[in-house]
Amino acid sequence: MLLSTRAARCAALMAEPDELYPERIIYPRNTRTLPKIVVAGGTPIDEETCMMLRTLVFGSCACPPKAEWARTGLTLRPYGQNLAFGLRAPRNTTRGLITAVQAIMLKNFLFKCNIQDGRIGPDILLKPSYDRQVEVLCLAISEIIWRCAGGFVAHNQNSSCIASSNLDTKSVSVPKAIVALPQKIPYLQHSVQYFQDGLTETLHLFEFISIEDLQIFIKRYLYLDEGGPGAKLLLYSAVLSRGLVKVQSDLEDQKASILGGCPEEGPISVVVFMLTGRASPHLHNGVIHIGDENTYAVPQWGILVRSEVGLLVHEGDGQTNKVPGSRLKTPSLPIWVTLCHGHHGVLFNTNKELLRNYHAERRFEVQYFACGGSHAILTVDTRANESASGVESTSKESVDIAATPLEKLIRSKWQDAQIQWNGAPLIKEVVRFFWYEDNAPKSTESKCKPAVSFTRNILRGIASSIELKKIEEIYKESDTNFPEINDVRDASGKVRADGL
């Protein structure tokens, strides 16, 4: 496949379709709303906990918190359709957290289904009904909160239920999960020391010592997570379940905060927190002591147990400090949260035995999904590694130079693998992207600005090498008539290169 075509597909994945064409999103009639039950009971949050929680998460309680956390929920996509397994989220600092929830949802969709559902193919499992969507979202939220509370003593869910019974009951603390839900009455007034955000000071805290009770409760009040500040409530619940003191210790800095100075799609420590239950900023295995003969060795706590859902990172060549250890790179299930040049996504395979069967890992398909609406299917072939001993190093370097960022990300797990992009070309989306950039209504310019600023230079360089005749053929063969195609033609009707 031509490098320009592969690069176009990779760039289109980062183009955030949900943000590029907001007015083209059609909400079908088969959407349903959750019943809204008034929140009752719980313990009102006290002043000390309220101020500590805001400071630990956002860095200060005297300043307004990040506004996107108050309006970003865990939004389901239309059920029974393509990408019905996915969540919809804008590109802001909540993206990392929502992507971690998405990965855990995929685990439940594919590998935690009922016995009668085990005979159903993955294509059907990834087009769930509305009831299945709600069930899996509740399971994912409950699992995250329960893990942060210390409910899973091992990464394997089946063995974790048995492990606690084999230990001395006096030495094992009972997990206590805490769910934070808002009410209307603020319990902390606006002052110089505290800036009201309309949510934190209204929280009621609910405690659970059983994951079954937690799941029932989450489902009852799921409407609060699906819309509005759902991401913020989940992060608050995870922090409170872990414990404010323990989370501060995980960050290894008494002045550090979870979201302080975070990148555009959120810090990687939030993703690690959702997957492992510890807000560690480190990705290596176990504990590493840093120091020399002149200073005390300081321990850096990484990933302590193998996770069910993994993490792959590619932030550019030379970023060795962000290389995940084997406990994240090789999880027990073939699902990974990915961080590729600042973009979060999910990479997954539908075969549960992929990482346990050497023959299954020779040639297989992986799917990439981002909560912005991007989706791609790629074929990974590792058989070339078996005869790679006679290959010259210069050829390997040329392959690596020609690789797209997503291909380099995949090769961080399967070194020197051959990767093939499947599906229809995305050249049409590239052309439509440039037209939309130049002709977007003023009311939507701010919405698509992040995606435009990220992909403008990349795609313009790609478009110069794409055969314009191929673009014309794609539009002639298309069943859909796009009126904007006329805006990239010259007077003779041919596609203009400068229109790209």
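Overview of values
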{"read-out": "Count - residues of the stretch 122-154 that are outside any helix (DSSP H, G or I) and within 18 Å of the chain's Cα centre (by Cα)", "value": "1"}
{"read-out": "Residue in the stretch 227-281 that is nearest to ARG91 (Cα to Cα), counting only those that are touching a Ser or Thr at 6+ places or on another chain (Cβ under 8 Å) and small (Gly, Ala, Ser)", "value": "GLY266"}
{"read-out": "Output for the stretch 32-79, where each listed residue is among the basic types (Lys, Arg) and buried (at least 16 other Cβ atoms within 10 Å of the Cβ)", "value": "ARG54, LYS66, ARG77"}
{"read-out": "Residue match in the stretch 180-189 (condition: aliphatic (A, V, I, L, M), assigned by the TED database to the domain that holds VAL134 and either part of a strand (DSSP E or B) or within 25 Å of CYS138 (Cβ to Cβ) (or both))", "value": "yes"}
{"read-out": "Qualifying residue in the stretch 393-414 (condition: closer than 23 Å to ASP123 by Cα, assigned to a strand (DSSP E or B) and either at pLDDT below 85 or in the same structural domain as THR338 (by the TED database) (or both))", "value": "no"}
{"read-out": "Count - residues of the stretch 221-231 that are assigned to a helix (DSSP H, G or I) and in contact with a strand residue (DSSP E or B) (Cβ under 9 Å, 6 or more places away or on another chain)", "value": "3"}
{"read-out": "Number of positions in the stretch 362-392 that are part of a helix (DSSP H, G or I) and either of a type in the set (Asp, Glu) or modelled with pLDDT under 60 (or both)", "value": "5"}
{"read-out": "Residue check for GLU315: surrounded by fewer than 22 Cβ atoms within 10 Å (Cβ to Cβ), within 13 Å of LEU406 (Cα to Cα) and more than 15 Å from the chain's Cα centre (by Cα)", "value": "yes"}
{"read-out": "Lone unmet requirement of (1) out of contact with any Cys (no Cβ under 7 Å at 6 or more places or on another chain); (2) modelled with pLDDT of 90 or more for ARG88", "value": "(1)"}
{"read-out": "Which listed residue, of GLY41, GLY96, GLY80, is assigned by the TED database to the domain that holds LEU205 and within 26 Å of SER257 (Cβ to Cβ)", "value": "GLY96"}
{"read-out": "Count of residues meeting criterion [surrounded by fewer than 20 Cβ atoms within 10 Å (Cβ to Cβ) and hydrophobic (A, V, I, L, M, F, W, C)] in the stretch 260-279", "value": "1"}
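Matching residues to (1) at pLDDT 95 or above; (2) over 20 Å from the mean Cα position of the chain (by Cα); (3) assigned by the TED database to the domain that holds THR93:
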{"position": "GLY198", "(1), (2), (3)": "no, yes, yes"}
{"position": "HIS204", "(1), (2), (3)": "yes, yes, yes"}
{"position": "GLY228", "(1), (2), (3)": "no, no, yes"}
{"position": "TYR236", "(1), (2), (3)": "yes, no, yes"}
{"position": "GLY243", "(1), (2), (3)": "yes, yes, yes"}
{"position": "GLU252", "(1), (2), (3)": "no, yes, yes"}
{"position": "SER257", "(1), (2), (3)": "no, yes, yes"}
{"position": "VAL270", "(1), (2), (3)": "yes, no, no"}
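The values are calculated or read from the model by the stated rules, or taken from the named source; none is laboratory data. Computed from a predicted model, the values in this text were never measured in an experiment. Counting neighbours? That spans all protein chains shown, and the Cβs are built from the backbone with ideal geometry, glycine included.
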